1. What list of ³J(HN,Hα) couplings, whole Hz, do you get for the stretch A:179-190 from phi and the Karplus terms 6.51, -1.76, 1.60, once you set θ to phi - 60° and write x for glycine and proline?
2. May I ask for the distance between the Cα centers of the stretch A:263-323 and the stretch A:169-190, given as a whole number of Å?
3. Largest first, please: the extent of the C-alpha atoms of the protein assembly as shown along each principal axis, to the nearest Å.
4. Using a 10 Å cut-off around each Cβ, can you sort A:Glu56, A:Glu49, A:Glu71 from fewest to most neighbouring Cβ atoms?
5. For A:Ser298, A:Ser30, A:Ser150, what ranking results if the residue with the fewest other Cβ atoms within 10 Å of its Cβ goes first?
6. Once you've got the Cα coordinates, tell me which of A:Lys220/B:Lys55; A:Lys247/B:Lys89; B:Lys45/B:Lys89; A:Lys220/A:Lys266; B:Lys65/B:Lys89; A:Lys247/B:Lys106 are over 20 Å apart.
7. Can you figure out the FRET efficiency of B:Leu11 with B:Glu31, using R₀ = 25 Å and their beta-carbon distance, to the nearest 0.05?
8. Give a residue-ordered list of calculated ³J(HN,Hα) values for the stretch B:83-88 (Karplus: 6.51 cos²θ - 1.76 cosθ + 1.60, θ = phi - 60°; whole Hz; x for Gly, Pro).
Amino acid sequence: MRLLQKCCVLFLLAAALCCSACDLDSRYDSEFFAMDTVMTITAYGSKSEDAVKSAENEINRLDALFSVQNEDSEICKLNRSKSITASPDTLALLKRANEVYTLTDGAFDITAEPITRIWGFYSGIENRVPSPQEIAGALKSVGAEHIKISGRSVALDKNTSVDLGGIAKGYSAAAAAQILREEGIDSALLSLGGNVRVIGSKPDGSDWNVAITDPDDNTKEIGTLAISNAAVVTSGGYQRCFEENGKIYHHIMDPDTGYPASGGLKSVTVISRDDALADGLSTALFVMGFEKARSLYSENSALFEGVFITDEDDIYITPNLKDIFSSQHNYEVIEI
Amino acid sequence: MKNRSWIIIFLFVILLCAGCWLYITYPDSREEVVGIYQNGELVEKIDLSCVTGQKKITLTGKNCKNTILVSAGNIEMESADCPDRLCVKHGPLERGGTPIVCLPNKVVIKFEDDSGGADARTGG
């Protein structure tokens, strides 16, 4: 009888132990649509469900501010009325966008919205090749000099419109990651439509493996990065594009020419601790092309790392990725 | 007697823990199971290895209508009446590839167990 009692007590203890072990490993996943893409958040820890829901709410809140498709968003109001008193988040993001504009000598430009629009790269609009006259007309309102910020007041010149799509996911990933950390999450992975942000390491202590999609075959990968506490963002012209008269036109516009960027790159992946910077830079480096991107890296190697795939299928990585990048393909380490 | 009872208890706890560990880590064989989701809700789960013949699934949303074509070992978006039709251009769902996504109609088609390889994928 005593043996039975002991068994019962130990069974309860073992069950409690198992539950606490499971609790440490408890995982919560969420998949949702925001910012015109599919997003997933995976977090580990006893408070993972509440934390992920808070992070999701934060992304939806920011989407409602930044969306260029939602008539009620602050950005749509700015584009419509050309003047707003901006919320702290919109103001902060506009300033971040301006920083990336300056850093990249205008290759990242949120005022390229009219160009993207005439090429039909917004939901509900058919893709088409605009006439040179249309492009020249749209280019007149492109450039950071057409945005005036004073305190919380933001004003645009008459025909200028902005689209924060090239940096909003990065900003939102950082905000969501901050919420997850504040809610006690030490291990999480966020994928905001291909913008990846990892918090800490995996629950077993190993690095997260982030695959870079092969631009020529989206079922394959060109390599994998083993990372912790970093953002990884890729820009390429192979997912959103259309064909007209046998020619492929992609969605990343060169704000200088008004045509899809043709810098000789198929894909650029940026790795950084700074999500918004990684997001904006991936677009900018794609526009700039490999040589200018390499030059920018050599002057700012503390800010980011990169993986570049050229039109000739050559793969280049920045020096600090040597130990964390693996690939079955041949690749070259950039010399700076 | 006292020692013997502790040994039994010890073995009991070990067995219990081993059982829990096996339960948690035992892989389920869902390699060909595909989930069709709309607005984040599961619409239908299909084991492609069990499909014979052809089947069409129509999903209607606020913005457009999708028709999904399912055949033996294969699933793809046959048609969509949204302007860009990226989901149709995606082609068949392939293991290791990206899910089929229709943004206007908030439809996602993906393998239920796609855990092989990397933890996440980045692409442009």
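Just so you know, all these numbers are worked out from the coordinates, no wet-lab data involved. Bear in mind that the values here come from a model prediction, so they are computed numbers and not experimental data. Every residue, glycine as well, gets a Cβ built from its backbone with ideal geometry; the counts of neighbours run over all protein chains shown.
1. Karplus values, whole Hz, x for Gly and Pro: 5, 4, 5, 4, 8, x, 8, 9, 9, 7, 9, 10.
2. About 24 Å separates the Cα centre of the stretch A:263-323 from the one of the stretch A:169-190.
3. 96, 54, 47
4. Working: A:Glu56 18, A:Glu49 15, A:Glu71 8.
With the fewest neighbours first, A:Glu56, A:Glu49, A:Glu71 line up as A:Glu71, A:Glu49, A:Glu56.
5. Working: A:Ser298 12, A:Ser30 17, A:Ser150 7.
Least to most surrounded, the residues fall as A:Ser150, A:Ser298, A:Ser30.
6. Working: A:Lys220/B:Lys55 28 Å; A:Lys247/B:Lys89 16 Å; B:Lys45/B:Lys89 22 Å; A:Lys220/A:Lys266 15 Å; B:Lys65/B:Lys89 15 Å; A:Lys247/B:Lys106 29 Å.
Violating the 20 Å limit, Cα to Cα: A:Lys220/B:Lys55; B:Lys45/B:Lys89; A:Lys247/B:Lys106.
7. Values: r = 36 Å, r/R0 = 1.44.
FRET efficiency, B:Leu11 to B:Glu31: 0.10.
8. My calculation for the stretch B:83-88 gives x, 8, 6, 4, 5, 6 Hz in order.
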